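Comments concern the structure below.
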Amino acid sequence: MLGLLVHIAFYRILSISSFKPLMLCHKSTCIGLTPIQYSSGGVVKLGSIGKHSKNSILRRQLVCGAMAAVQATIKREAKTKKDVWLKGLVECRGKKCAAVALANKTVRTAYAMLIQGTEYKAELLAA
């Protein structure tokens, strides 16, 4: 299921008109999947995710797909390191926050795969 999310994100990133290969760090930001940062006097505070972006449909699709992946991961035993990370995140922060974090991670993973020309390989847990 997570592999499917990466492929969906991969092709949706290609469809963004403002796609620039040098924007690795800012791709999740322009979609609106990263928290808004408020900084003053060296103190950094993170707010909610930015909801005023021109890619709101893409963000909604990614979060919806990530929510489905969170639901599936909770119901089964963890097989990969990402499943373990996701289950821990759900326990600490809740399902919706974990879904947004997974969507953010999916976009970054898909972008890295696009730039490096590699395929997605899940890190399996040691037996």
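Condition test on A68, is it in a loop (DSSP other than H, G, I, E, B) and surrounded by fewer than 16 Cβ atoms within 10 Å (Cβ to Cβ)? Taking the combined requirement at face value, the residue does not satisfy it.
Taking residues in region 74-103 that are buried (at least 18 other Cβ atoms within 10 Å of the Cβ) and among the acidic types (D, E), and partners anywhere that are assigned to a helix (DSSP H, G or I) and modelled with pLDDT of 90 or more, the pairs with Cβ atoms closer than 9 Å and at least 6 places apart or on different chains are D83/T73.
The conditions are (1) surrounded by fewer than 19 Cβ atoms within 10 Å (Cβ to Cβ); (2) under 15 Å from T34 (Cβ atoms); (3) modelled with pLDDT under 85; (4) not hydroxyl-bearing (S, T, Y), and R59 fails exactly one of them. Which is it? So R59 meets the others, but not (1). Restricting the search to region 42-72, which residues are under 29 Å from A126 (Cβ atoms) and over 15 Å from the mean Cα position of the chain (by Cα)? Hits for region 42-72 are Q71, A72. Of all residues in region 111-127, those that are more than 16 Å from the chain's Cα centre (by Cα) and in contact (Cβ under 8 Å) with a residue 60 or more places away in the chain total 1.
The values are calculated or read from the model by the stated rules, or taken from the named source; none is laboratory data. Only a predicted model underlies this, so the values are computations on that prediction, with no experimental measurement involved. Using ideal geometry, Cβ is built from the backbone for each residue, glycine included, and neighbour counts are taken over all protein chains shown.
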